[in-house]
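What follows is a single structure, written as structure tokens, with notes after it.
The values are calculated or read from the model by the stated rules, or taken from the named source; none is laboratory data. What you are looking at is a predicted structure, and each value in this text was computed from that prediction instead of being measured. As a convention, Cβ positions derive from the backbone with ideal geometry for all residues, glycine included, and neighbour counts pool all protein chains shown.
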Amino acid sequence: MNDPGFRLRRTVRRIVTEVRRPLRQVREVVRRVIVDPVRRVIREVTGGVTRLVRTRSLRFRRSSGGSSVTPKPPPPTKAQCRIPSKSCPSSWELFDTEYDILDEVFKSPCQKYSTCNSCATQRKWAHSSCLGRLLNDMKGMCKAYTAEEYTVCNTEAAKFHTLATMQHRAVNPSPGWCVDNCVNQRGNPVVELSVG
């Protein structure tokens, strides 16, 4: 069979078969290649604090949210705030397997961090200030929990702060909505997140 079309079809079939591996195998590869090495780095950075004992009484529930795609904000009115309601980066969900704490507890700090990071260029905010505010806001959210839950929550906060540090990408130029008045209250790294 020297037909080039036959060889091409056979090669394409082989590639398609390889690409269609079951999701379980893909997750295993992602865990082995990405998640485990990052967890090792986090353990080294935090001094091994991320090793936790899971108990039945300690479970953070993931809220049943909608799509992770943020719709384009509408054009502004004079007093309207156009900040998109982004939550934590979707890549962080790979590291939220044990407690499902991101959407339940850290949604507001993530939204503030996203706004701070997006508008840092426009507002002349240092990225290190945005990172520091993310950690402080996440730890502030942990204060509502009992002693054991508080310890786990703080450890998870340190883990996601480390991820934010490792995944930082400057947003340049800042989006147009960064000029809105509400951005200073909802994204400024100097302003504490109000809990409650």
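For region 168-188, check the following and say yes or no: at least one residue is part of a helix (DSSP H, G or I), of a type in the set (Phe, Trp, Tyr) and closer than 29 Å to GLU98 by Cβ.
Filtering region 168-188 for residues part of a helix (DSSP H, G or I) gives 176-179, 182-187.
Now restrict to residues that are of a type in the set (Phe, Trp, Tyr): 177.
Checking the rest, the ones that are also closer than 29 Å to GLU98 by Cβ come to none.
Scanning region 168-188, I find no residue that is part of a helix (DSSP H, G or I), of a type in the set (Phe, Trp, Tyr) and closer than 29 Å to GLU98 by Cβ, so the answer is no.
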Open item on the list: Going residue by residue through region 162-183, is there one that turns out to be crowded, with 17+ Cβ neighbours inside 10 Å and among the basic types (Lys, Arg)?
Closed with: no
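For region 150-166, which positions are over 12 Å from PRO109 (Cβ atoms) and touching a Cys at 6+ places or on another chain (Cβ under 8 Å)? Please lay out each step first, then the result.
Restricting attention to region 150-166, the residues satisfying the condition of being over 12 Å from PRO109 (Cβ atoms) are 150-152, 154-155, 158-159, 162-163, 165-166.
Residues satisfying the conditions are TYR150, ASN154.
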Task: From the options VAL49, VAL53, VAL35, VAL29, residue that is modelled with pLDDT of 60 or more, β-branched (Val, Ile, Thr) and under 24 Å from MET138 (Cα atoms) - done: VAL35
TODO: Please list, ordered by first then second residue, the pairs with beta carbon atoms under 8 Å, 6 or more apart or interchain, first in region 73-90 and of a type in the set (A, V, I, L, M), second modelled with pLDDT under 75.
DONE: ILE83/PRO73
- [ ] Kindly provide the set of residues from region 129-152 that are touching a residue at least 60 places away in the same chain (Cβ under 8 Å) and among the hydrophobic types (A, V, I, L, M, F, W, C), ordered by number.
- [x] VAL152
Open item on the list: Please verify whether GLU98 is assigned to a helix (DSSP H, G or I), farther than 20 Å from GLY187 by Cα, free of Cβ contacts under 8 Å to residues at least 60 places away in the same chain and not assigned by TED's automatic domain parsing to the domain that holds VAL33, treating the condition exactly as stated.
Closed with: no
TODO: Working only within region 111-125, note down all residues that are touching a helix residue (DSSP H, G or I) at 6+ places or on another chain (Cβ under 7 Å) and either in a helix (DSSP H, G or I) or not aromatic (Phe, Trp, Tyr) (or both).
DONE: LYS112, TYR113, THR115, CYS116, ASN117, SER118, CYS119, ALA120, GLN122, ARG123
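Going by what's in this entry, would ASN188 be described as at pLDDT 85 or above and either within 24 Å of VAL38 (Cα to Cα) or among the aliphatic types (A, V, I, L, M) (or both)? Explain how you work it out, then say what you get.
Working: at pLDDT 85 or above: yes; either within 24 Å of VAL38 (Cα to Cα) or among the aliphatic types (A, V, I, L, M) (or both): no.
Spelling it out, it is not the case that ASN188 is at pLDDT 85 or above and either within 24 Å of VAL38 (Cα to Cα) or among the aliphatic types (A, V, I, L, M) (or both).
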